[in-house]
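Working notes, structure below.
The values are calculated or read from the model by the stated rules, or taken from the named source; none is laboratory data. In this text the structure is predicted, and so the values were computed from the model without any measurement. Quick reminder, even Gly has a Cβ in these numbers, built from the backbone with ideal geometry, and neighbours come from all protein chains shown.
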Amino acid sequence: MSIRKLSRSMLVAVLLVFVGLSPVIADNYPSKPITLIIPLGAGGSHDLNARVFTSVIPSYLGQAVVVKLMPGAGGQTGTAAAIKAKPDGYTLIFTHNYIDQLQPLLEKLPYDTIKDLKSVCRINYGASSVVVRADKPWKTLDDMLAYGKKSPGKLIFTTSGNWGATMTPGARVLLEAGVDATYIPYKGGGPAMQAILAGDGDFMMSFPSQAGPLVEAGKIRALASAGNTRVFPDVPNLKELGYETGTMDRIVMAPKGVPEDRMKILRDAFAKLNTDKTYKKLMKRIGENIEYMDGPDYDKLRPVNQEAYRVLVKKISGQ
Amino acid sequence: MWDNFLQGVLLTLRWDTFGMMGLGLMLGMFVGALPGFTTIMAMAVLLPISFFMDPMVGIPFLIGVYKGGIYGGSIPAILVSMPGTGASVATTFDGPSLTKKGKSRKAMEMALFASVCGDLSSDILTILFIGPIAIMAMKIGPPELGAIILLSLIIISATTSGLFIKGLVMCFIGLFFSMIGQDPLGGMSRFTFGFFEIKSGIPLLPMLIGLFAIPEILQAVEKKITSFVAEEFNLKAGEKLTFKEFRRSIKTIIRSTAIGTSLGIIPGVGQVVSAFVGYAAAKNASKHPETYGKGELDGIAAAEAANNAVNGPTLVPLLTLGIPGDKITAILLGAFIAQGLRPGPQLFTEQGPLVFALLVAMLFANIIFLVLGYLTIPLFAKVVTIRKSALLPLTAIFAFAGSYVYRSDPFDLLVLVFFGVFGYAAKKLNFDVTPMVMGYILGPVLEYSFGQTINLGRGDTLHYIFAARPITAVILAITPFITAGLWWRSARLRNKHIKEPPS
């Protein structure tokens, strides 16, 4: 056997091994821990939600899911890292609709989230409420908007950061109502709430974990809430009042190109969470809903949302 | 309230509470001591464990990690000049010099005692004055914050080892570095030249390690000394702190505790600022300010007592309003919520005994920590007695590894090298890099509050400040006088130096 022949047969053998192995790898997926990138900082609601579901999901996936916090540039650092990762199903990202669907509209980015990421599922959504300090005269959302309309620029909208989860829904309401307000961004929901309580701001959008205790204590009043079901029993939804729902969707995504069978394994595992007792108990404790949505369904929603945001961004920043 | 308090004390007296708190303290200390790992990371990773524990076990466990981690961060700062966070930068002024004199154990013991004293007394003050602290915290909005930071930056620039003007120059360079990346208010990219890597700004940790640890390594190589601790002191590396030395610093510890407790009311920036202000105050009050920065135990006490005294008051907005002031309290909030406790105005009335139990647990954590910390110090002190030929490469490895593990981004290594060279050059030119670091850390906060104030004033900022913000107006009014005073003092010190050059 000549050397040439030998090397050729070795090559064939090697190729055969690879061909033979690949279905085996797929069958074994996941065979090592999965990394879950969170493009946001420690201690936020994404961090907390992820800590809950990653402590339950190993029983359905057979592998650990390791959280990797990659904050920076408003979520762009982590998103870029997830998109650059090898599409083998071992790197996922846990993000939200404003990073995914709105941010690419604000400036030129080296990626296109809608094309480069595919949804595994929507875990749940955060439904914030329009809140004002208890001594403000407005009893309903319409009262407040009427005041804003009457005195342009007077109404101060305190946000937790530009184009974030608590600014965008509020901006949408203000735009639809034709109110010209002063936007003041704060570094996160905590400082924003402090500004409301101190009277530096007129209203903000706040998530139930923060707003709940303050509403019960009578320090602030909720005028309207996002989401499909009411957050506070006697406070109407934005939807009921004729506005967009304005939720923050918490979504698990994978870079494009992950084999379909692996996507299915992931989607099935996350779907099973919804019947898990521990998961449901923990989610209830942290005050989050389990408004799950399957990946393919959510992928259909993304371009639709993006078009709506495009109009909003154009109107507000005048670009 | 007294009933609640007593019930709370009884709730804490449990073996598992104490055991897990001790475990948390040790874990926190070791993680905090590792360069590149932060207390916040440790807490975020350990948070889910607390979900499955009893509230009276899980939350003290996290509190343990938190307290242990903050002290742990001062260990590499003292030994190899590697501050893990902005809060331990002030500890690097005297720590490494003490280590070189063979007093690393003394330094670490002083840091431990000062930390525990500062923390304990601020916790007690917090429990006693939780109401007034909550009201005061509400008074600090963006304009006040901006004014306080402006004044702090001037004080920090003035207390550096060199000239005031040099300090200011470095401070401005730091402010400039902080502007690289996304602008905090509008979200626009600045000074990135289209590079995506620096869009999120320059990372703090590689910058700190580069500025403080790399020049130390280079200098040690330059001097060709064979041991990190000078030969003649080597045997004394294990010498303990004497009571006399501790007593000498009691005044400093009390002063720093007062400073830390009052600055702790300012959310987010308290720890960093208070360590510096505490240090500056001690230097000013001392009869021999020239020894500060050259291995003065009192300097360690000043910085460590101040940055730990912040811990108590930072919890107040969290407990009374459910508002986390910084990332650490945000993680604690997560732990509270997952346990079914919702921090807010009603937490005290609904869960009074439990809240007091947690506060009392914090007090006990300090005492346990005093014992655990004291027992482990000799272990850490041994590190610097390793031969230089082994210690220096090890430090270099830790510097690079620490910078990398922080975000697992190779770009951070470039940042480390850049600031390493920058720090070395600055040292050779007698520029102190501290004001730069502070400018860098506080720059975004200053910019944020400046922008917010402009927005709040709706075009007439000056009128707004003087009409609606009396505290800001007062701080801004005294700032020029303080600046002039510091300038004058710096000029006088310089003249003195020229007349009688230091031996």
Could you please let me know if residue B:258 is under 30 Å from residue B:354 (Cβ atoms), in a helix (DSSP H, G or I) and touching a Cys at 6+ places or on another chain (Cβ under 7 Å)?
-> no
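For the structure I just gave you, tell me whether residue B:36 is within 17 Å of the chain's Cα centre (by Cα) and modelled with pLDDT under 90.
Spelling it out, residue B:36 is indeed within 17 Å of the chain's Cα centre (by Cα) and modelled with pLDDT under 90.
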Output the residues belonging to segment B:289-337 that are within 9 Å of chain A (Cβ to nearest Cβ), outside any helix (DSSP H, G or I) and surrounded by fewer than 24 Cβ atoms within 10 Å (Cβ to Cβ).
-> B:326
May I ask you to list pairs of residues, at least six apart or on different chains, whose Cβ atoms are under 8 Å apart, with the first in segment B:108-134 being within 23 Å of residue B:379 (Cβ to Cβ) and touching a residue at least 24 places away in the same chain (Cβ under 8 Å) and the second being small (Gly, Ala, Ser) and not in a helix (DSSP H, G or I)?
-> B:110/B:249; B:114/B:249
Report the residue count in segment B:1-53 for those that are more than 10 Å from every other protein chain (Cβ to nearest Cβ), more than 16 Å from residue B:360 (Cα to Cα) and outside any helix (DSSP H, G or I).
-> 5
Any pair with Cβ under 7 angstrom, 6 or more apart, that starts in segment A:280-295 at a residue that is in the same structural domain as residue A:268 (by TED's automatic domain parsing) and ends at one that is in a helix (DSSP H, G or I) and of a type in the set (Phe, Trp, Tyr) | A:282/B:51
Do the conditions hold for residue B:80, that is, is it at negative phi and without any contact (Cβ under 8 Å) to a residue 40 or more places away in the chain?
-> no
Name, by its number, the condition in (1) assigned to a helix (DSSP H, G or I); (2) touching an Asp or Glu at 6+ places or on another chain (Cβ under 9 Å); (3) surrounded by fewer than 22 Cβ atoms within 10 Å (Cβ to Cβ) that does not hold for residue B:449.
-> (3)
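Yes or no, residue by residue, for (1) more than 30 Å from residue B:416 (Cα to Cα); (2) small (Gly, Ala, Ser):
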residue	(1), (2)
B:89	no, no
B:95	no, yes
B:101	no, no
B:105	no, no
B:112	no, no
B:130	yes, no
B:137	yes, yes
Residue set A:164, A:148; condition surrounded by 20 or more Cβ atoms within 10 Å (Cβ to Cβ), within 21 Å of residue B:452 (Cβ to Cβ), at pLDDT 95 or above and of a type in the set (Gly, Ala, Ser); output residue A:148
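Name the residues in segment A:84-98 that are of a type in the set (Val, Ile, Thr) and either buried (at least 23 other Cβ atoms within 10 Å of the Cβ) or more than 28 Å from residue A:55 (Cβ to Cβ) (or both), would you?
If the condition is that a residue be of a type in the set (Val, Ile, Thr) and either buried (at least 23 other Cβ atoms within 10 Å of the Cβ) or more than 28 Å from residue A:55 (Cβ to Cβ) (or both), then A:93, A:95 are the ones that fit.
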Over segment A:213-245, the set of residues over 30 Å from residue A:302 (Cβ atoms) and in contact (Cβ under 8 Å) with a residue 60 or more places away in the chain is A:214, A:215, A:218, A:219, A:220, A:221
What single numbered condition from (1) facing chain A (nearest Cβ under 9 Å); (2) outside any helix (DSSP H, G or I); (3) touching a residue at least 24 places away in the same chain (Cβ under 8 Å); (4) of a type outside the set (Gly, Ala, Ser) fails to hold for residue B:342?
-> (3)
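Quick grid of which residues meet (1) hydroxyl-bearing (Ser, Thr, Tyr); (2) within 14 Å of chain B (Cβ to nearest Cβ); (3) touching a His at 6+ places or on another chain (Cβ under 9 Å); (4) under 28 Å from residue A:43 (Cβ atoms):
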{"residue": "A:130", "(1), (2), (3), (4)": "no, no, no, yes"}
{"residue": "A:139", "(1), (2), (3), (4)": "no, no, no, no"}
{"residue": "A:151", "(1), (2), (3), (4)": "yes, yes, no, no"}
{"residue": "A:191", "(1), (2), (3), (4)": "no, yes, no, yes"}
{"residue": "A:205", "(1), (2), (3), (4)": "no, no, no, yes"}
Filter segment A:34-51 down to the residues that are farther than 14 Å from residue A:91 by Cβ and part of a loop (DSSP other than H, G, I, E, B), then identify the one that is farthest from the other protein chains (Cβ to nearest Cβ).
-> A:40
Would you be able to say whether some residue in segment B:347-365 is in a loop (DSSP other than H, G, I, E, B) and more than 8 Å from chain A (Cβ to nearest Cβ)?
-> no
If you check A:268, A:234, A:249, A:261, which single one turns out to be among the acidic types (Asp, Glu) and buried (at least 18 other Cβ atoms within 10 Å of the Cβ)?
-> A:249
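Name the residue, out of A:167, A:248, A:205, that is under 18 Å from the mean Cα position of the chain (by Cα), more than 18 Å from residue B:141 (Cβ to Cβ) and without any contact (Cβ under 8 Å) to a residue 40 or more places away in the chain.
Working: A:248 fails: without any contact (Cβ under 8 Å) to a residue 40 or more places away in the chain; A:205 fails: without any contact (Cβ under 8 Å) to a residue 40 or more places away in the chain.
Exactly one residue qualifies, and that residue is A:167.
Quick one: which residue in B:84, B:68 is buried (at least 24 other Cβ atoms within 10 Å of the Cβ) and either among the basic types (Lys, Arg) or assigned to a helix (DSSP H, G or I) (or both)?
Only one candidate qualifies: B:68.
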Candidate set from segment A:52-67 (those that are free of Cβ contacts under 8 Å to residues at least 60 places away in the same chain and at the interface with chain B (Cβ under 8 Å from one of its Cβ atoms)); member that is surrounded by the most Cβ atoms within 10 Å (Cβ to Cβ) | A:67
